[in-house]
Amino acid sequence: MNRLIRCTAIVALMLWLSPSLATQTREQTFTVGADVDAQGQVTQTQPEPGAAPQIAAVLDEAIKHWRFVPTQHDGKAAPAHTFITAKLEALPVTDGKYSLRISYVGVGPKWNRTGGAHYPDAAVRSNVNGLVVILGDFPLDGSPVVTDTRHEFEDGYGKLFAKAAKDWFLHTSYTLETVDGQPVEAHVRTYVVFELDQVNRDNGSPAPDVPYSLSPSEKTLLHQAGFTDDDLRPNSNRLLLSSVLRPSMVDTVTLQP
């Protein structure tokens, strides 16, 4: 990256970090709209709403280094509009300085998720945790469709959790990718974790702030749905989306202080 972008990154870090995080790694994912030309090169990005201009500039510079396999329309390479998810990390180096790392997470339509699934009251009273896998479609008409739900709950809780997960999914919205200006439907795989500790935290009660621990049977269920071990790491985005594009060169970009 050039010197101007290096200075911009330093300013972004000053705005992004606080003194209380001086010895910690900070990370955040951003979903950036992107125009990709018929050669697979990102030509323009549209920042996520609310992203600081300095952060948007750093993401723009990094994402424009990435390349994708050109998509096809009527047998010819065509331009596309997509949404690229990238992870921005500030890594402490020494003496209060940080390096900045931008890594590729995924590409596809934009899924606008708000809030979370309702935790069934009966499950709260019975202290039941677990997860539900959702397979669905994002069709052209703008309304999500659930094609399957999977879980391992027993004693009748499965129907309660599956309904809660499905109701949440059906009330989300999305923006499709386009190829040569035409929208393209997509497929989605995601999973919803129902964790009582999170319910307690939301209600102001003491609860350990640790990631939900997947059981071996839950991992198997997720693997069967197409998730990899990398997808199941703590703080992952729990989401797999089909895309008109495939990455060809998305190396991590690191900026040293």
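Scan the strands (runs of 3 or more DSSP E) fully inside segment 83-190 and keep the ones with 3 or more residues being within 18 Å of the chain's Cα centre (by Cα).
In segment 83-190, 98-108, 110-112, 130-138, 173-175 are the strands (runs of 3 or more DSSP E) which contain 3 or more residues that are within 18 Å of the chain's Cα centre (by Cα).
Within the set of pairs 6 or more residues apart or between chains, which connect a residue that is free of Cβ contacts under 8 Å to residues at least 24 places away in the same chain and over 15 Å from TYR104 (Cα atoms) inside segment 30-43 to a residue that is part of a strand (DSSP E or B) and aliphatic (A, V, I, L, M) with Cβ atoms less than 8 Å apart?
Cβ pairs passing all conditions: THR43/VAL36.
Could you please tell me which pairs satisfy a Cβ distance under 7 Å, a separation of 6+ or placement on different chains, a first residue in segment 139-157 that is within 21 Å of LYS110 (Cα to Cα), and a second residue that is modelled with pLDDT of 95 or more and basic (Lys, Arg)?
Short answer, once both residue conditions are applied: VAL146/LYS166.
Mind listing whichever residues of segment 229-254 are at pLDDT below 95, of a type in the set (A, V, I, L, M) and within 30 Å of ALA78 (Cα to Cα)?
LEU239, LEU240, LEU241, VAL253
Among the numbered criteria (1) on the phi > 0 side of the Ramachandran plot; (2) touching a Leu at 6+ places or on another chain (Cβ under 9 Å); (3) charged (D, E, K, R), which one does ARG189 miss?
Going through (1) on the phi > 0 side of the Ramachandran plot; (2) touching a Leu at 6+ places or on another chain (Cβ under 9 Å); (3) charged (D, E, K, R) one by one, ARG189 breaks only (1).
I need every pair where a residue in segment 76-88 that is among the aromatic types (Phe, Trp, Tyr) has its Cβ under 7 Å from the Cβ of a residue that is outside any strand (DSSP E or B) and buried (at least 19 other Cβ atoms within 10 Å of the Cβ), sequence separation at least 6 or different chains.
Sorted first by the residue in segment 76-88, then by its partner, the pairs are PHE83/PRO109.
Check PRO139, PRO183 and return the single one that is modelled with pLDDT of 95 or more, within 30 Å of ALA38 (Cβ to Cβ) and touching a Leu at 6+ places or on another chain (Cβ under 8 Å).
Of the residues listed, the single one that is modelled with pLDDT of 95 or more, within 30 Å of ALA38 (Cβ to Cβ) and touching a Leu at 6+ places or on another chain (Cβ under 8 Å) is PRO183.
Does ASN203 qualify as being surrounded by fewer than 16 Cβ atoms within 10 Å (Cβ to Cβ), within 27 Å of GLY33 (Cα to Cα) and modelled with pLDDT under 90?
For ASN203, the condition - surrounded by fewer than 16 Cβ atoms within 10 Å (Cβ to Cβ), within 27 Å of GLY33 (Cα to Cα) and modelled with pLDDT under 90 - is not met.
The values are calculated or read from the model by the stated rules, or taken from the named source; none is laboratory data. Values in this document were obtained by computation on a predicted structure and should not be read as measured data. Note: ideal-geometry Cβ built from the backbone for every residue, glycine included; neighbour counts use all protein chains shown.
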